[in-house]
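Have a look at the structure below, then the notes.
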Amino acid sequence: MSVAPLRIGVDLGGSKIEIIALGDDGAVMLRERVATPQGDYAATIMAAAKLVENVDQRVGAGGTVGIGIPGAESLPSGLIKNANSTCLIGQPLRRDLQQLLRREVRIANDANCFALSEAADGAGAGARVVFGVILGTGVGGGIVVDGKVLTGANAIAGEWGHNPMPGEHHKKSCYCGRKGCIELYLSGPGLVRDHRRATGADCSPAEIVERAAAGETNCEATLQRYEARLARALAQVINILDPDVIVLGGGLSNMDRLYENVPQLWAEHVFSDRVATKLLKHRHGDSSGVRGAAWLWP
């Protein structure tokens, strides 16, 4: 007879919905993904509920359910805000899923889920304070203290990507309505734009890295600008939060040179005679978000 999973996690992304069932030791018992119905809230929550029901049938009923979303739940209203998947905005996602699944559901921002996964049994395991960073299409962050996600009074703790990039002239407008956001410089599209402005060439982040390694000076200069900006931005986090570990995720986190170069650069911006904070690469890769959703339950 199959044993019910201790934890079920769902990553409710803009392009895919992924589910994972973790055993008591964190081992993956089942993992599945489907395409997200585009722009259709009702179809999206039905797809998520169907995945959970399939896990109940295949692995065993009764698992706890955590949901990671590209947004946040408003604390006063319980409605979704700040979501890249715009069909979720203004919707009572938790209430609707709880009615469909007939059990309590926990919801957190996907960057928080990433941080929680890496703090639980990933690169930040054993650290008291972990700051998780997503460097991808956007720039996100999450904070875990003593194994628990820090949400904050406004449910925006860790959202460092929409603070101004230090050391830059803030003329660029962000989609959020602010100018000079860190996301404009440190996201994948931001790296591409910076290289285009400097060289006139359109290259993907992977091409820039490859060409820099082959000795192209223009590409090397682009990566050095990126590393200097990342160092300044993370130094602000260290000055405020003073985390034990910063874990990088997202596509740009696969640039291995970051882990050696950035800590050498951030020291001059950190208000301390030494910097003990470690900069580490994710352990679980693109599985961290859905794993973290499962770990929303202790």
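The values are calculated or read from the model by the stated rules, or taken from the named source; none is laboratory data. What you see is a predicted model, and the numbers here were worked out from it, not measured in a lab. Neighbour counts run over all protein chains shown; Cβ positions are idealised from the backbone, glycine included. Quick note on the areas: whole protein, heavy atoms, side chains included, nothing else; ligands and nucleic acids left out. Shrake-Rupley method; radii C 1.70, N 1.55, O 1.52, S 1.80 Å.
Summary table
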{"quantity": "Computed magnitude of the charge dipole of the chain (debye, nearest 20; Cβ of K, R +1, Cβ of D, E -1)", "calculated": "580 debye"}
{"quantity": "Per residue accessible area of the stretch 46-134, 1.4 Å probe, in Å²", "calculated": "40 Å²"}
{"quantity": "In sequence order, calculated HN-Hα J values of the stretch 162-177 (Karplus, 6.51, -1.76, 1.60; Hz; x Gly/Pro)", "calculated": "10, 9, x, 5, x, x, 10, 7, 8, 9, 7, 9, 9, 4, 6, x"}
{"quantity": "Residue-by-residue Karplus 3J(HN,Hα) for the stretch 93-105, coefficients 6.51, -1.76, 1.60, Hz, glycine and proline x", "calculated": "4, 4, 4, 5, 5, 5, 5, 5, 9, 6, 7, 5, 10"}
{"quantity": "Greater than 31 Å apart at Cα, pairs in Lys50/Lys179; Lys81/Lys172; Lys81/Lys171; Lys81/Lys281", "calculated": "Lys50/Lys179"}
{"quantity": "Share of Cα-Cα pairs in the stretch 35-122 lying beyond 20 Å, as whole percent", "calculated": "37 percent"}
{"quantity": "The stretch 35-100 - charge dipole about Cα centre, Lys and Arg +1 at Cβ, Asp and Glu -1, debye rounded to 20", "calculated": "60 debye"}
{"quantity": "Value at 222 nm in deg cm²/dmol, rounded to 500, when DSSP H runs of n ≥ 4 in the chain each add -39,500 (n - 2.57)", "calculated": "-11000 deg cm²/dmol"}
{"quantity": "Distant-in-sequence amide H partners of Ile67 (H built 1.01 Å from N, under 5 Å)", "calculated": "Val10, Arg106, Ile107, Ala108"}
{"quantity": "Estimated inter-spin distance, Glu260 and Gln224, nm [label 7 Å along Cα→Cβ]", "calculated": "1.6 nm"}
{"quantity": "Candidate residues Arg31, Arg193, Arg58: accessible-area rank, largest first, probe 1.4 Å", "calculated": "Arg58, Arg31, Arg193"}
{"quantity": "Cα-based shape type of the stretch 196-298, given that a ≥ b ≥ c are square roots of the gyration tensor eigenvalues and the cut on a/c is 1.5", "calculated": "oblate"}
{"quantity": "Of Tyr41, Tyr259, Tyr175, the one that fluctuates the most in a GNM where the chain has Cα springs shorter than 10 Å", "calculated": "Tyr175"}
{"quantity": "Paramagnetic label zone (point 7 Å from Cα along Cα-to-C-beta, Ala43; backbone N under 15 Å) in the stretch 77-106", "calculated": "86-88"}
{"quantity": "Cut-off under 5 Å, modelled amide H: who pairs with Gly124 long-range", "calculated": "Ala119"}
{"quantity": "Sequence-distant residues sharing a close amide H with Ile80 (under 5 Å, placed H)", "calculated": "Ser74, Gly90, Gln91, Leu93"}
{"quantity": "Simple label model, 7 Å out from Cα along Cβ direction - Ile89 to Asp242, nm", "calculated": "3.8 nm"}
{"quantity": "Added length on full extension, which subtracts the Cα-Cα distance from 0.36 nm per residue, Asp24 to Glu210", "calculated": "62.9 nm"}
{"quantity": "Farthest toward positive dipole pole in the chain [+1 Lys/Arg, -1 Asp/Glu at C-beta], among Ile69, Ala198, Val130", "calculated": "Ile69"}
{"quantity": "Contact order normalised by residue count of the chain, Cα under 8 Å, 6+ apart, percent", "calculated": "20 percent"}
{"quantity": "About the Cα centre, charge dipole magnitude for the stretch 19-67 (Lys/Arg +1, Asp/Glu -1 at Cβ), debye", "calculated": "140 debye"}
{"quantity": "Carbon/sulfur fraction of accessible area - the chain, other protein chains in place, 1.4 Å, %", "calculated": "51 percent"}
{"quantity": "Phi to ³J(HN,Hα) by Karplus 6.51 cos²θ - 1.76 cosθ + 1.60 over the stretch 266-283, Hz, x for Gly, Pro", "calculated": "6, 4, 5, 9, 9, 7, 7, 7, 8, 10, 8, 4, 9, 9, 10, 7, 3, 9"}
{"quantity": "The stretch 254-298 shape via C-alpha gyration tensor axes, a/c threshold 1.5", "calculated": "oblate"}
